[in-house]
1. Please list the helices of the chain that count as membrane-span-like by this rule: a mean Kyte-Doolittle hydropathy of at least 0.0 together with Cα atoms stretching 24 Å or more along the helix axis, each helix being a complete DSSP H run.
2. Projecting each Cα onto the charge dipole of the chain (Lys/Arg +1, Asp/Glu -1 at the beta carbon, about the Cα centre), which of Leu96, Ser118, Cys62 comes out farthest on the positive side?
3. Mean separation of Cα pairs under 8 Å and 6+ residues apart, divided by the residue count of the stretch 5-119: what relative contact order is that in percent?
4. Lys/Arg Cβ at +1, Asp/Glu Cβ at -1, dipole of the chain taken about the Cα centre: which of Ser6, Ala83, Ser49 is farthest positive-ward?
5. Pick from Tyr91, Tyr57, Tyr24 the residue whose mean-square fluctuation is largest in a GNM of the chain, springs joining Cα atoms under 10 Å.
6. Using alpha carbon centroids, what distance separates the stretch 1-39 and the stretch 59-92, in Å?
Amino acid sequence: MSIPQSFIQELLARVDVVDIVGRYVQLKKSGANFMGLCPFHGEKSPSFSVSPSKQFYHCFGCGKNGNAIGFLMEHTGMTFVEAVKATFPFYVLRLLGGLLYLGGMLIMLWNVLMTATSGKATTVTIPAAAAHA
Ligand SMILES: [Zn+2]
């Protein structure tokens, strides 16, 4: 089975590598990035960095780096397809979060619209209707 490249790109564009790596490695925010103890080599001071903006992890100690799917494969020994499957729930959560946000926006806009029209409808259309009567 092969997974279309476009699907992988969509997946990686939506999920957050910090969410996924954060399930296996305790990460602490450090400036724009997150730092933690590298899961790939033994260390006592954190040199494992995860970048939310680049959606990449990189270890300054052992040089390992990659994206969310690469991390799952490397860290848990999953195959590519398994790693894609494991990433999918994060993708769904992101989409649902986006839908909830959109839903909230729509309700808010609808309320604004209803308030605005119910206020103006009476003052604008009634004199106009009266003028034609
Ligand atoms: Zn390392």
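1. 80-132
2. So the residue furthest toward the plus end is Ser118.
3. Contact order relative to length: 21 percent.
4. Of Ser6, Ala83, Ser49, it is Ser49.
5. Tyr24
6. 7 Å
No value in this document is a laboratory result; all are computed from the given coordinates. All values reported here derive from a predicted model rather than from experimental measurement. With ideal geometry, Cβ positions are generated from the backbone for all residues, glycine too; neighbour counts draw on all protein chains shown.
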